[in-house]
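Beneath this line is the structure, given in structure tokens, with notes to follow.
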Amino acid sequence: MSGGQAVGSVIVVDGVSYVQLAPEGRSRATGQESALSSETGNESGPKFAAFPQAAHAEILRRGESPAPYDAQAVARDFPLRWQRYIRANFRDPGHVQRVFSISERAARKWWNGEGGANGASVAIAMHEHPVAATRMLFAAE
């Protein structure tokens, strides 16, 4: 190496290599001393001041789900999903009462969409109708 330049790191993003050359402890792109090397003496720290922001943002977005998960919407919509599941898979509130071992009042409320179920009831639904319950209770619409 000549001219006092040290080779930084090489990073490959989508088949494009980015190489950072920097003089001792200074970023070639900004001419400023690397915060990491000045604080810790670590010369191998990141010196990619010119790393493209779009490429960096793309790396950070990888693996994200297409739509954000909205827990409040799930909680708000669950009673309607539960009612649809109940009405599609059981004959009447009496049938619901027998399968889930619940009171007649609770079975009527579920049938009329006036409330959702607890975890044990959802587990019973998953056991009784694995495909239908998964699709109706958990699938995105």
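Observations
- Within region 73-141, helices (runs of 4 or more DSSP H) holding 2 or more residues that are among the aliphatic types (A, V, I, L, M), modelled with pLDDT under 90 and touching a Gly at 6+ places or on another chain (Cβ under 9 Å): none
- Failed item, numbered, when E64 is tested on (1) closer than 28 Å to V12 by Cβ; (2) among the acidic types (D, E); (3) modelled with pLDDT of 70 or more: (3)
The values are calculated or read from the model by the stated rules, or taken from the named source; none is laboratory data. None of these values were measured; they are calculated from a predicted model. Neighbour counts run over all protein chains shown; Cβ positions are idealised from the backbone, glycine included.
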